[in-house]
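Undergrad: Have a look at the structure that comes next, please.
The values are calculated or read from the model by the stated rules, or taken from the named source; none is laboratory data. Because the structure is predicted, anything quoted here is derived from the model rather than measured. Methodologically, a virtual Cβ is constructed for each residue, glycine included, from the backbone with ideal geometry; neighbour enumeration extends over all protein chains shown. Accessible surface is based on the protein model in full, side chains and every heavy atom, while ligands, DNA and RNA are left aside. Shrake-Rupley method; radii C 1.70, N 1.55, O 1.52, S 1.80 Å.
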Amino acid sequence: MRGVEIVEAPAKSVLNRVVGMPFPWSINPYRGCYHGCVFCYARRTHTYLEDDGVGKWSSRIYVKVNAAAVLRTELAKRSWKHEHVAIGTVTDPYQPLEGRYRLTRGILEALRDYDTPAGIITRSPLVIRDIDVLAQLASIAGVSVTISIATLDAQLAREIEPTVAPPHKRLLAVAKLAQAGIKVNVALAPILPHITDSPENLESVVREARKAGANAIWHNTLHLHEVTRDAYFGYLRAKRPDLIAQYASEYRGKYAAREVHHLIEGRVDDAMRLVPKSKHSFIQPKRPLQLSLI
């Protein structure tokens, strides 16, 4: 990882309260992400500490070296209600540094030991390293893994996700997780208008995700807040200058124009109908034991 500044930053707290999302808590063991995806919505989190979310997002990465120990302290509190925790909401918990620091694995072990359900989102096949812990957590409290795949075109994937493993390796990870009984989903996300939104691309991702054993497939369309907008338009200037005027017209704000959004929604719906879901069995969490108070 040449050219990357690693900042070891001990955390005082690891659990983050979330409002307005389907999950009440989140954990992010890193800040910044080596993947450097041109569309990453989380780039703005670098600006919270006055870092450059465009130029430094993938080259200055903060590592919460004590994350697992702090989490155990938080989960041990009497006030903890064993609510669902989402891991990797603003950074990939299995980016390359995880191979060295193993923070995500330590977090999963803590959640397992404290009977806490979790969901993970990642673009990395490194997640299969932790199949043993994931299976244990799945049987105790419940867990799901979502792997993001925007396209099966390896060249295009390298262009928009510079250091992420090729799509076929991510599909292999989906298959291995499914075979191990881990509930695994695929995120067809984000869908980039005029780049990855063709019916052929959407259908191919859905088809191969289903074939690999994905339990569910969800999607969203690219959205551009201020920091991501700067990064994404930098990518367009370098690689897709012919699309700049169209994007400027269709993204006057954070979200795509309504007609663009509706077109993509229709294409995804068509792909889902063409490739029906197959049934797969996954590890089911055990019901918590009710202790008698005799």
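Undergrad: Quick one, which of (i) 30; (ii) 47; (iii) 22 is the actual percent of Cα pairs over 31 Å apart calculated for this model?
TA: (i)
Undergrad: List the residues whose amide H sits under 5 Å from the amide H of Ile120, counting only those 5 or more places along or on another chain, with H placed 1.01 Å from N in the peptide plane.
TA: Ile87, Ser144, Val145, Thr146
Undergrad: What residues have an amide H closer than 5 Å to that of Thr221, excluding those fewer than 5 places away on the same chain, when H is modeled at 1.01 Å from N in the peptide plane?
TA: Ile191
Undergrad: Still on this structure, I have one more. Quick one: 3J(HN,Hα) in Hz for segment 240-250, Karplus 6.51/-1.76/1.60 with θ = phi - 60°, rounded, Gly and Pro as x.
TA: 9, x, 5, 9, 4, 5, 5, 5, 4, 6, 8
Undergrad: Further, regarding this structure: Using 0.36 nm times the number of residues separating Arg207 and Arg273, minus their current alpha carbon distance, what extension gain do you get?
TA: Working: separation 66, 0.36 × 66 = 23.76 nm, distance 1.05 nm.
Extending this stretch completely gives an extra 22.7 nm.
Undergrad: Only four residue types carry charge here, +1 at the Cβ of Lys and Arg and -1 at the Cβ of Asp and Glu. Report the dipole size of the chain about the Cα centre in Debye, rounded to the nearest 20. Intermediate values should be presented prior to the final figure.
TA: Working: 40 positive and 29 negative charges, 147 e Å.
I would put it at about 700 debye.
Undergrad: I would also like to ask the following. List the relative contact order of the chain as a percent without decimals, with contacts defined as Cα pairs under 8 Å and 6+ residues apart.
TA: Numbers: 531 pairs, mean separation 50.6, N = 294.
Value for the chain: 17 percent.
Undergrad: I want to check the label-to-label distance for Glu226 and Val18. Put each point 7 Å from Cα in the C-beta direction and report it in nm to one decimal.
TA: Once both label points are built, they end up 2.4 nm from each other.
Undergrad: With only Lys, Arg, Asp and Glu charged, each at its Cβ (+1 for the first two, -1 for the last two), find how big the charge dipole of segment 111-232 is about the Cα centre; round to the nearest 20 debye.
TA: 380
Undergrad: Taking K and R as +1 and D and E as -1, what net charge do the other residues with C-beta under 15 Å from the C-beta of Ala189 add up to?
TA: Charge balance near Ala189 sits at -1.
Undergrad: Stretched out fully, how many nm does the piece from Gln155 to Ser59 gain, at 0.36 nm a residue minus the Cα gap?
TA: That pair, Gln155 and Ser59, stretches by 32.3 nm at full extension.
Undergrad: Next up: Loop-only check: which GluC sites (Glu not before Pro) in segment 60-98 are DSSP coil with at most 15 other Cβ within 10 angstrom?
TA: Glu83
Undergrad: Now, a different point. Between Glu200 and Asp115, with labels modelled 7 Å along Cα→Cβ, what's the label distance in nm to one decimal, could you check?
TA: With each label point 7 Å from Cα toward Cβ, the separation is 5.3 nm.
Undergrad: On average, how much accessible surface per residue is there in the chain, in Å², for a 1.4 Å probe, leaving out ligands, DNA and RNA? Don't skip to the end; give the middle numbers.
TA: Details: 14410 Å² over 294 residues.
Accessible surface, normalised per residue, equals 49 Å².
Undergrad: Only sites in a loop by DSSP and with at most 13 other Cβ atoms within 10 Å count here; which trypsin sites (Lys or Arg not before Pro) in segment 58-103 make the cut?
TA: On the way: sites: Arg60, Lys64, Arg72, Lys77, Arg78, Lys81, Arg100, Arg102; in loops: Lys64, Lys77, Arg78, Lys81, Arg102.
Filter output for segment 58-103: Lys77, Arg78, Lys81.
Undergrad: In nm, give the distance between the simple-model label positions of His168 and Arg252, each being 7 Å from the Cα along the Cα-to-Cβ direction.
TA: If labels sit at His168 and Arg252, their model points lie 4.5 nm apart.
Undergrad: Then there is this: Find the centroid of the Cα atoms in segment 148-209 and in segment 57-91, then give the distance between the two in whole Å.
TA: Using only Cα atoms to place each centre, the spacing works out to 27 Å.
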